[in-house]
Amino acid sequence: MSRVLLLEDDLLFAESLVDLLEENGFEVVHVANGQSALEKTFSQRFDLYLLDINVPLIDGNTLLQELRDAKDTTPAIFVTSHKDKEMLKKSFLCGADDFITKPFDNEELLLRISALLKRAKSDNVSCVGLLCNDALHKRFLYNNQELELSKKEYELLLLLVKHVNATVPKEMILDALWSSSEGGSEGALRVYINRIKGLLPQLNIENIRGIGYKLVS
């Protein structure tokens with residue numbers, strides 16, 4: 001189920017949008033001002049942003065610009081009454097992927113959402129067998145089920161997947177997972193390798209003695 005963050009200060013209009021989206025299988029989080037929207041992005045992951053422009057506290061354009069500056073690439077559609085070309089140009093420059101003007105046909109909105117999500121998925125998901133990396137949300141899924149990985153476990157598995165069927169030297173892994181001040185060790189690395197093996201016994205992760213590790217597909 002895709003999760004949508006809806007930023008809309010017209011409560012009646014927002015209620016109708018929430019109903020439409022939920023009826024079509026989306027999970028929706030609605031907020032009425034830009035500050036609340038920003039806070040939600042800190043605590044939750046979303047597959048799509050639906051944003052109005054003229055909202056209290058932080059307007060939609062400023063909000064999206066802040067998110068893009070923070071490397072948030074979540075697809076975004078502006079749902080707006082603006083028809084002014086300069087305003088719409090500004091929205092695209094702030095990082096919008098699409099826009100739809102009010103009033104609009106519900107079916108058109110659903111089609112635009114579907115197309116954008118499909119494109120985002122193909123751009124951001126890569127798989128080795130049933131193991132898929134969702135680069136947008138920095139998570140791995142096995143057989144469409146999300147794995148509970150720590151940040152370092154995710155980075156380790158990502159290295160192995162990127163170099164599938166090739167040996168990844170221990171030194172490369174240690175440099176990628178730990179800064180010089182953190183001081184990673186081969187013992188700590190073995191702990192993470194064993195944790196991943198425990199989560200995914202289906203994977204063949206070989207220990208190339210004295211050199212590193214290899215994910216064999």
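Nothing in this text is a laboratory measurement; each read-out follows from the coordinates by a stated rule. Predicted model, so just to flag it, every value in this text is computed and none were measured. As a convention, Cβ positions derive from the backbone with ideal geometry for all residues, glycine included, and neighbour counts pool all protein chains shown.
Of note:
- Cys residues of the chain that find no other Cys beta carbon under 4.7 Å: C94.
- This model, with +1 at the C-beta of Lys and Arg and -1 at the C-beta of Asp and Glu, gives the chain a dipole about its Cα centre of some 1240 debye.
- Among [x] 9, 38, 38, 14, 1; [y] 7, 29, 26, 18, 14, 5, 0; [z] 8, 32, 34, 18, 6, 1, the entry derived from the coordinates for P(r) over Cα pairs in 10 Å bins from 0, in percent: [y]
- Placing a pseudo-label 7 Å from each Cα along the Cα-to-Cβ vector at V125 and F13 gives an inter-label distance of 3.2 nm.
- Once backbone amide H atoms are built at 1.01 Å from N, L51 has L7, I77, F78, V79 as its partners under 5 Å, excluding neighbours fewer than 5 places away on the same chain.
- Convex hull of Cα atoms in the range 120-217, direction-averaged projection (nm²): 6.2 nm²
- Prolate/oblate/rounded call for the range 3-123, Cα gyration tensor, a/c under 1.5 rounded: rounded
- Cα-based shape type of the range 68-189, given that a ≥ b ≥ c are square roots of the gyration tensor eigenvalues and the cut on a/c is 1.5: prolate
- Under the combined filter of DSSP loop state and at most 16 neighbouring Cβ atoms within 10 Å, the range 19-111 retains these trypsin sites (Lys or Arg not before Pro): R45, K71, K83.
- Springs join every pair of Cα atoms under 10 Å in this Gaussian network model of the chain, and among L11, L21, L131 the largest mean-square fluctuation is at L11.
- Packing-based exposure ordering (other Cβ within 10 Å, fewest first) of F13, F46, F26: F13, F26, F46
- Considering helices alone, the calculated mean residue ellipticity of the chain at 222 nm is -13500 deg cm²/dmol, with DSSP H runs of length four and up weighted by -39500 (n - 2.57) and normalised per residue.
- Since only N33, A14, L111 are under comparison, the one whose Cα sits farthest along the positive direction of the charge dipole of the range 3-123, derived from C-beta charges on Lys, Arg, Asp and Glu, is L111.
- Each of K83 and R190 was given a label point 7 Å from its Cα along the Cα-to-Cβ line. The distance between the two points is 7.0 nm.
- In terms of surrounding Cβ atoms within a 10 Å radius of their Cβ, S150, S126 rank from fewest to most as S150, S126.
- Lysine pairs in the range 129-216 with Cα atoms under 19 Å, if 8 or more residues apart or on separate chains: 16
- Hull-based mean projected area of the range 85-149, where the convex hull spans the alpha carbons, in square nanometres: 6.2 nm²
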